[in-house]
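The values are calculated or read from the model by the stated rules, or taken from the named source; none is laboratory data. Note that the structure is a prediction, hence the values are computed from the model and not measured. Note that each Cβ is placed from the backbone with ideal geometry, even for glycine, and that neighbours are counted across all protein chains shown.
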Amino acid sequence: MGTEYGADQIQILEGLEAVRKRPGMYIGSTSVRGLHHLVYEIVDNAVDEALAGFCDIIDVTINEDNSVTVVDDGRGIPVGIQKKAGKSALEVVFTILHAGGKFGGGGYKVSGGLHGVGASVVNALSEWLEVEISQEGKVYRQRYERGKAVNSVEVIGECEPGEHGTKVSFLPDKEIFEETVFDYDTLKIRLRETAFLTKNLKIVLRDDREDKREKTFHYEGGIREFVTYLNKGKAPLYDQVLYCEGSKEGVYVEVSMQHNDSYTENIYSFVNNINTPEGGTHLAGFKNALTKTFNDYARKNKLLKDSEANLAGEDIREGLTAIISVKIEEPQFEGQTKQKLGNSEARGAVDTVVSEQLTYFLEQNPAVAKAMCEKSILAQRARAAARKARDLTRRKTALDSMTLPGKLSDCSDKDPANCEIYIVEGDSAGGSAKDARNKANQAILPLRGKILNVEKARLDKIYANAEIKAMITAFGTGIHDDFDITKLRYHKIILMTDADVDGAHISTLLLTFIYRFMPELIKQGYVYLAQPPLFKIEKNKRVWYVYSEEELNLLLKEIGRDNNNKIQRYKGLGEMDAEQLWETTMDPERRILLRVTVDEETTSELDVTFTTLMGDQVEPRREFIEANAKYGTLDI
Ligand code: TSJ
């Protein structure tokens, strides 16, 4: 290459400059989330190679300096000169925005979102990036700094004649990212999901930093095993995981499903391995096939009498865990966040594949079919009862407009933007909170003991529950179809429970309720966890409050560990008087609040998280809360 910049080169620089100027446009944000996105972009390119049938293993390592290395055993990115650009295809992939994936028709049939595009974006946002290609007996290498090649593609050695693959290492740019430390668990969740979605692909994740760790994900059963994983810790209704597979109109369809004995539906849909949290045509096709096939079967086999109404889709999906995964050449994403599949051919393809294979399965497995139908019929009855109960409460509210719950100590300010509601465990803590609060803008709603687990109760029972009714009326938004965020009465909903395992359990039950019935409250950031202190330390008339064991040890190191300090461990909120509660947990100037957020990237793990948190095992729950508390937000 000469020293003079041609028009093409200038465009290149402008392209990657644009990425550095507005990174959010390309990777969502420059927070930790965006940071991890860099790894997904690189890994997804290797996964594309696996989907094309040329790669079996992907190795991901977090190196000691927080750089990441991704290695695959695919064909290796082509290194030959690309005529149009007048340089190595490899360099084109890493330096030209929107390049990649396609080399004169030799590209991938399916790839998602930014796939094949992301390499140059990652390069632009990295302090340095190095790529090594093994191909036809030679090892090639190129290095870039902040998106610019610092040398041309050079041969650095030899490899075995049959050896091939791509190795990419990069260090995220500290000038761009707010946080540059990778989180092993975050990568683990996403890589596990990718492995489930790509049958037979083996993904190894390694952490070479202080806490050396390694994990291999390899699922021969693909999405079948995904369903088994999601139902882990729950009671499946039958042994089999149903699996449907087929191609139609250029859409490759895979569906796996199994009911458990809970009452919530957990359906996750993907297009070209990309999560579609908002569903779309593939999900619609699945739901349609399921409803139609079940009603046909139930009628034909007299499980549903002629006089009875059809089962509704939601009745059949009660307790259903399912994965819908389609592969399409040109996916069209719709909706505000572009997370919804729009291709109409996907609807028909999924509908046809599922209808045919599910009909066959039900005929072959009458005992399973019967169990499914019986559960659906019970759901149908509960839904009818719930509707009655709901109509009743609606009529009541219509009569005496808004009857706030008797236990609520409301605040006087009526502007929701200024108002907070503390949901407090137990009447005694509720009493302290009531005395402690700022009456102007802090409302208190005490709840008695453990609230209902909405995953283990049907709608009719949920609507009849006093604590749940109290929350619904206090929040003011209504639920489900009636949900209206503009009616929210408090812009901070603060869950305040004891700083122990039981308290964490109650928080989880509350979060589960809110997530299942009013997910928008969490998505829009209105839900918080209060952080009461664990210890009070007094020495020479001075007082400290600390929020963790680590903090306690640090403090004791500082002030000296001797008999003169009286350390008090708070077993519960109830042990604090109103003044202490105000100082430590409720005073906006001094308190710590964790905002609850949801990582859309890995929503499927959320269900596993809830199951873990609510199961009988105490240790995983405590670990989870501690691990997540330190980040300042609790990412459920
Ligand atoms: F993102 C990336 F570009 F940095 C990257 C790409 C990172 C990693 C770890 C792997 C890859 C990658 C790309 N692995 N394998 C490939 N394959 C190709 O680029 C390739 C190879 C051959 C042909 C062909 O038509 O012969 C086509 C392609 C797209």
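Data for the structure
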{"read-out": "Some residue of segment 407-418 being in contact with a strand residue (DSSP E or B) (Cβ under 9 Å, 6 or more places away or on another chain) and closer than 30 Å to ARG317 by Cβ", "value": "no"}
{"read-out": "Sole exception among (1) within 16 Å of the ligand (Cβ to nearest atom); (2) under 25 Å from the mean Cα position of the chain (by Cα); (3) of a type in the set (D, E, K, R) for ARG143, by number", "value": "(2)"}
{"read-out": "Among residues of segment 167-190, those that are over 28 Å from ARG22 (Cβ atoms) and within 16 Å of the ligand (Cβ to nearest atom), counted", "value": "1"}
{"read-out": "Failed criterion for GLU550 (all others in (1) surrounded by fewer than 17 Cβ atoms within 10 Å (Cβ to Cβ); (2) in contact with a helix residue (DSSP H, G or I) (Cβ under 9 Å, 6 or more places away or on another chain) hold)", "value": "(2)"}
{"read-out": "In segment 74-102, residue surrounded by the fewest Cβ atoms within 10 Å (Cβ to Cβ) [restricted to those that are more than 9 Å from the ligand (Cβ to nearest atom) and within 32 Å of the chain's Cα centre (by Cα)]", "value": "HIS98"}
{"read-out": "Flag if GLU64 is more than 9 Å from the ligand (Cβ to nearest atom), surrounded by fewer than 20 Cβ atoms within 10 Å (Cβ to Cβ) and farther than 30 Å from THR597 by Cα", "value": "no"}
{"read-out": "Pick from segment 31-50, criterion of a type in the set (Gly, Ala, Ser) and near the ligand (Cβ under 10 Å from one of its atoms), ranking: nearest to THR69 (Cα to Cα)", "value": "ALA46"}
{"read-out": "Per-region count, segment 457-510, residues of a type in the set (Ser, Thr, Tyr) and in a loop (DSSP other than H, G, I, E, B)", "value": "3"}
{"read-out": "The lone exception for SER247 - which of (1) farther than 24 Å from ARG190 by Cβ; (2) outside any strand (DSSP E or B) it fails", "value": "(2)"}
{"read-out": "Qualifying residue in segment 136-159 (condition: at pLDDT 95 or above, touching a Pro at 6+ places or on another chain (Cβ under 9 Å) and hydrophobic (A, V, I, L, M, F, W, C))", "value": "no"}
{"read-out": "Residue identified as buried (at least 18 other Cβ atoms within 10 Å of the Cβ) and within 16 Å of the ligand (Cβ to nearest atom) among LEU201, LEU197, LEU230", "value": "LEU201"}
{"read-out": "Enumeration of residues in segment 432-451 that are part of a loop (DSSP other than H, G, I, E, B), under 30 Å from the mean Cα position of the chain (by Cα) and under 30 Å from LYS414 (Cβ atoms)", "value": "ILE451"}
{"read-out": "All positions within segment 472-503 that are among the hydrophobic types (A, V, I, L, M, F, W, C), in contact (Cβ under 8 Å) with a residue 60 or more places away in the chain and within 20 Å of LEU593 (Cβ to Cβ)", "value": "ALA474, LEU488, ILE493, ILE494, LEU495, MET496, ALA499"}
{"read-out": "Candidates ALA85, ALA46 - the one that is outside any strand (DSSP E or B), small (Gly, Ala, Ser) and at pLDDT below 95", "value": "ALA85"}
{"read-out": "Test: residue in segment 482-493 that is at pLDDT below 90 and hydrophobic (A, V, I, L, M, F, W, C)", "value": "yes"}
{"read-out": "Check on THR291, within 30 Å of ILE27 (Cβ to Cβ) and in contact (Cβ under 8 Å) with a residue 24 or more places away in the chain", "value": "no"}
{"read-out": "Every pair of residues 6+ apart whose Cβ atoms lie under 6 Å, when the first sits in segment 235-247 and is closer than 14 Å to ASP351 by Cβ while the second is surrounded by 13 or more Cβ atoms within 10 Å (Cβ to Cβ)", "value": "CYS244/VAL255; CYS244/VAL353; CYS244/VAL354; CYS244/GLN357; GLY246/VAL253; GLY246/VAL353"}
{"read-out": "Residue among ILE537, ILE567 that is out of contact with any Asp or Glu (no Cβ under 7 Å at 6 or more places or on another chain), modelled with pLDDT of 85 or more and not aromatic (Phe, Trp, Tyr)", "value": "ILE537"}
